[in-house]
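The structure appears right after this line, and notes come after that.
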Amino acid sequence: MAARGNHRARILILGGTAEAADLAARLVAQGETDVITSLAGRTANPAPLAGKVRIGGFGGVAGLTRYIAENSITKVIDATHPFASRISENARLACAAAGIPLERAERPVWQRQPGDTWIEVPTLDEAAAALPAGASVFLALGRQHLSAFEARPDCHFIVRMIDPPEVPPAFANSDLVLGKPGINPEDEIALLRDHAITHLVCRNSGGAAGYGKIIAARRLGLPVIMIGRPKEPLPAPG
Ligand code: NAP
């Protein structure tokens, strides 16, 4: 790992994913660099991380550029969730402004396997529209992605969230399940069966942590409305 002048290299990992946590542990174990992981602060009790941790938004591109300078960051590794487009675009612009390298740790997408029944759609709105009337739907989506489904009072939704929401989902035809995505397909099968689920809606996040539900849907023969990754980064905030 190259260091600047006499200083140790200091890496900022943009985190919030299992892969970012693994990366921090690996880099800290190597002992050659200082490692700071940044979390947005979306979950109330994040799991402990190797190295230093900072929490909360930076304040856009300008804030991240300032943070890089003030903390003598020598490289940024963007290991955020594949659907977290804003922070990835901010990192691209801030690293260019600061003149330091940016690496992107992008998870491969899940590929359709034999036995999978996937309806692939590009957006949340199209996912909501793809559901048949009367469906009993498991929404494996964060709380900020639920509003598209308010347009479907003819379906019933089970919504899984990691933390209890401050404001419950706005649509009445839903029940809340608290918990993280299960890595074990048997747990996910039990959950889908217990709630008599007929359809799963999720985003093609990739990675092992969320794949249990995909295996569960395959084994139960359930259709999955699979939302594809955003193709273009969001425009930079003004
Ligand atoms: P986003 O739309 O790309 O980012 C929105 C704003 O949140 C950013 O402009 C930034 O605020 C702040 N932010 C995001 N990630 C940050 C980080 N690692 N450290 C500091 N600030 C961060 O992101 P999102 O979709 O809301 O996701 C937020 C975080 O949750 C990400 O770090 C992501 O890895 C994690 N996560 C997201 C998902 C998902 O489904 N999107 C799933 C699992 C985990 P400022 O502009 O003020 O800097």
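Just so it is clear, none of the values below were taken in a lab; they were calculated from the coordinates. Not measured: the values here are computed from a predicted model. Neighbour counts are summed over all protein chains in view; Cβ atoms, including those assigned to glycine, are modelled from backbone coordinates with ideal geometry.
In nm, what is the difference between 0.36 nm times the number of residues separating residue 194 and residue 103 and their Cα-Cα distance?
Stretched out fully, the residue 194 to residue 103 stretch lengthens by 28.6 nm.
Could you tell me how many degrees, from 0 to 90 and to the nearest 10, lie between the Cα long axis of helix 60-70 and the main elongation axis, the longest principal axis, of the Cα atoms of the chain?
Orientation of helix 60-70: about 40 degrees from the principal axis.
Based only on the alpha carbon positions, what is the Kirkwood hydrodynamic radius of the chain, in angstrom?
About 19.4 Å for the chain.
Set the Förster radius R0 to 35 Å, insert the Cβ-Cβ distance between residue 126 and residue 54 as r into 1/(1 + (r/R0)^6), and round the FRET efficiency to 0.05.
Once the sixth-power term is evaluated, E becomes 0.45.
How are the alpha carbon pair distances in the range 9-104 distributed across 10 Å bins from zero to the largest one, expressed in percent?
It works out to 17, 55, 27, 1, in whole percents.
Distance in nm between label sites at residue 47 and residue 117, each 7 Å beyond Cα in the beta-carbon direction?
My value for the distance between the label points is 3.3 nm.
Identify all aspartates and glutamates with a Cα-Cα distance to residue 52 below 12 Å; exclude those on the same chain that are fewer than 8 residues away in sequence.
Answer for residue 52, where 12 Å is the Cα cut-off: 34, listed by chain and number.
Full extension from residue 184 to residue 229: what is 0.36 nm times the residue separation minus their Cα-Cα distance, to one decimal in nm?
Working it through step by step, the gained length comes to 13.8 nm.
Can you give the extra length, in nm with one decimal, that the chain gains between residue 166 and residue 32 once fully stretched, where that is 0.36 nm per residue apart less the Cα-Cα distance?
Values: separation 134, 0.36 × 134 = 48.24 nm, distance 4.14 nm.
Roughly 44.1 nm would be gained on extension.
For the range 117-227, evaluate the Debye formula with one uniform point scatterer on each Cα (no solvent term) and list log10 I(q)/I(0) at q = 0.11, 0.15, 0.17 Å⁻¹, rounded to two decimals.
The Cα Debye sum returns log10 ratios of -0.29, -0.56, -0.74.
Which of the aspartates and glutamates could a cross-linker bridge to residue 213, judged by Cα under 20 Å and excluding same-chain residues fewer than eight apart?
Once the sequence-local aspartates and glutamates are set aside, what remains near residue 213 is 19, 116, 120, 163, 175, 186, 187, 188, 194.
Once the Cα atoms of helix 85-98 and of the chain are each reduced to a long axis, what angle between those two axes, in degrees from 0 to 90 to the nearest 10, is obtained?
Orientation of helix 85-98: about 10 degrees from the principal axis.
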